[in-house]
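Taking it in order: structure first as structure tokens, then the write-up.
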Amino acid sequence: MYRLIAAAAGLALLTSPGSAETIERTVKANTVSAIDGFLGYEVNTCYPSVIPDVKVRQAPANRTLQIRPHEQALGKDTRCPGTKVRGLAYVYTPKKGFKGMDEVVLDIPWSWNDLATQTLLTRTYRIRVE
């Protein structure tokens, strides 16, 4: 089983239009791990939002990254606890026996609403495999 780190779309996902961000993660060797992801919903109403078409700009050199559909119930600290929402999980699998650094770059197109211009968030994940 893998761990999932999820954030509400539009909150943790974007910092500014056309922005780039570098995130560091540590995972265990020989283990499938979710390194990030998000849940797509409107924070005030809990209505579903569009799930962006995330693209891998740079694949990891030391194995694979999958972008998997994910569904999860919202927690007690939200306006709609228990509501199931959809999103994506970014799941990294290192080569068997690999230990060291790896990196993956994702492009995430996003629009705050139907009327807003779409922006592109580029996220670089530096992954330490221990």
Diffing segment 56-67: the Karplus 3J(HN,Hα) column from phi (6.51, -1.76, 1.60, θ = phi - 60°), in whole Hz with x for Gly and Pro, holds 7, 7, 9, 6, x, 6, 10, 2, 9, 10, 10, 9
From the residues 58, 100, 87, which one has its Cα farthest along the dipole of segment 36-130 in the positive direction, the dipole being from +1 and -1 charges on Cβ of Lys/Arg and Asp/Glu about the Cα centre? 100
Would you mind calculating the gained length between residue 21 and residue 64 on full extension (0.36 nm times residue separation, minus the Cα-Cα distance), in nm to one decimal? 13.4 nm
Using the basic label-point model (7 angstrom from Cα toward the beta carbon), what is the residue 55 to residue 78 distance in nanometres? 2.9 nm
Among beta bridges assigned by DSSP with both residues in segment 15-122, the antiparallel ones amount in percent, to the nearest 5, to 95 percent
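With +1 assigned to the C-beta of every Lys and Arg and -1 to the C-beta of every Asp and Glu, and no other charges, what is the dipole magnitude of segment 48-130 about the Cα centre in debye, to the nearest 20?
Details: 14 positive and 8 negative charges, 74 e Å.
That gives segment 48-130 a dipole magnitude of about 360 debye.
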For segment 84-130, with only Lys/Arg (+1) and Asp/Glu (-1) charged at the beta-carbon, what is the dipole magnitude about the Cα centre, in debye rounded to 20? 320 debye
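Every number in this text was worked out from the coordinates using simple rules, so none of it is lab data. Please read all numbers here as calculations on a predicted model, not as lab measurements. Cβ coordinates were reconstructed from backbone atoms using ideal geometry, including for glycine residues, and neighbour counts include every protein chain displayed.
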